[in-house]
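Let me begin by presenting the structure, written as structure tokens, before commenting on it.
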Amino acid sequence: MRAVAVRRGYSYRTIDLRYRAVSVANFQTMFGAYISAGKYYEFGASVNDGVRLLRNYYSDVMAQCSQTKWVLAGYSQGAMVVAEAAKSFVANDVVYIGLFGDPQLSLPEGKGLWPDACRGRNLSEYRVYVPTCQTDNGILKERNPYQYGELRGKYGLWCAKDDYICGSSKNPLRTNGHYTYADIGIA
């Protein structure tokens with residue numbers, strides 16, 4: 001991406017948003033996240049903190065350079081932060097939104113005993129990499145609508161095999177896929 005930006009005469013910068021992300025390794029935090037669909041308790045407060053910081057960063061950057069274009073990406077809890085914060089972005093400012101291992105994934109084509117996804121039909125336009133055809137929703141309920149307003153068509157979703165967090169595995173003991181995004185070359 002840097003080479004394309006430089007070739008076109010654009011500057012290019014990446015940031016790693018630093019916010020108080022909390023782990024769900026602690027049972028109490030995990031339980032609070034699960035029963036509130038990630039909206040409340042310690043986990044929800046952490047997501048809200050990240051959303052606030054990203055929205056503020058966007059406002060600050062746009063005040064200095066109104067021509068800035070954005071490619072947003074988030075992994076796991078970060079996917080929730082990016083998806084929520086993006087609602088405050090002007091659609092023309094956003095090039096792409098990549099969500100990896102999203103706990104609020106929504107893939108209607110994965111529902112049912114013999115889902116459309118297993119027959120290659122009615123696939124969501126934002127489905128980029130989801131090798132399990134019965135993947136339908138993440139552990140923290142599905143975000144609905146998954147794509148927000150004028151940002152529709154700018155989303156991409158990755159949910160690796162055996163990722164309990166985004167729903168490709170329904171077995172809570174099979175979470176190893178959640179840690180493979182960089183290893184399989186898509187993050």
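Since every read-out is calculated from the coordinates, none of them should be taken as a lab result. This structure is a prediction, so every number in the text was calculated from the model and none was measured. Cβ placement follows ideal geometry from the backbone for every residue including glycine, while neighbour counts extend to all protein chains displayed.
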### Message
Check which residues have an amide H placed less than 5 Å from residue 73's amide H, if you skip close sequence neighbours.
### Response
98
#### Entry: Longest DSSP-loop-exposure-free segment, trypsin sites (Lys or Arg not before Pro), the chain, at most 12 other Cβ within 10 Å
70-120
#### Entry: Whole-percent pair-distance distribution, where bins are 5 Å wide, for the alpha carbons of the stretch 69-179
3, 14, 25, 25, 18, 10, 5, 1, 0
### Query
Given the chain, what percent of its DSSP beta bridges are antiparallel, to the nearest 5?
10
### Task
In whole angstrom, note down how far apart the Cα centers of the stretch 93-130 and the stretch 15-44 are.
23
### Query
Among 104, 134, 64, whose mean-square fluctuation peaks in a Gaussian network model of the chain (Cα, cutoff 10 Å)?
64
### Task
Taking 7 Å along the Cα-to-C-beta vector as the label spot, tell me the residue 39-residue 26 distance in nanometres, rounded to one decimal.
2.3
### Candidates 35, 139, 97: whichever shows maximal mean-square fluctuation once the chain is modelled as a Gaussian network with Cα springs under 10 Å
35
### Summary
the stretch 69-179: antiparallel bridges as % of DSSP beta bridges, rounded to 5, reads 10
## Note on the structure
One computes Rg over Rh for the stretch 1-159 from alpha-carbon atoms, with the Kirkwood Rh, and obtains 1.00
### Message
Only Cα pairs within less than 10 Å get springs; with that Gaussian network setup on the chain, which residue of 66, 124, 76 has the largest fluctuation?
### Response
66
### Task
For the chain, just give the cysteines left without a disulfide-compatible partner, judged by no other Cys Cβ under 4.7 Å.
65
### Query
Do the sum for the chain: with -39,500 (n - 2.57) for every DSSP H run of n ≥ 4, divided by all residues, what is the mean residue ellipticity at 222 nm, to the nearest 500 deg cm²/dmol?
-8000 deg cm²/dmol
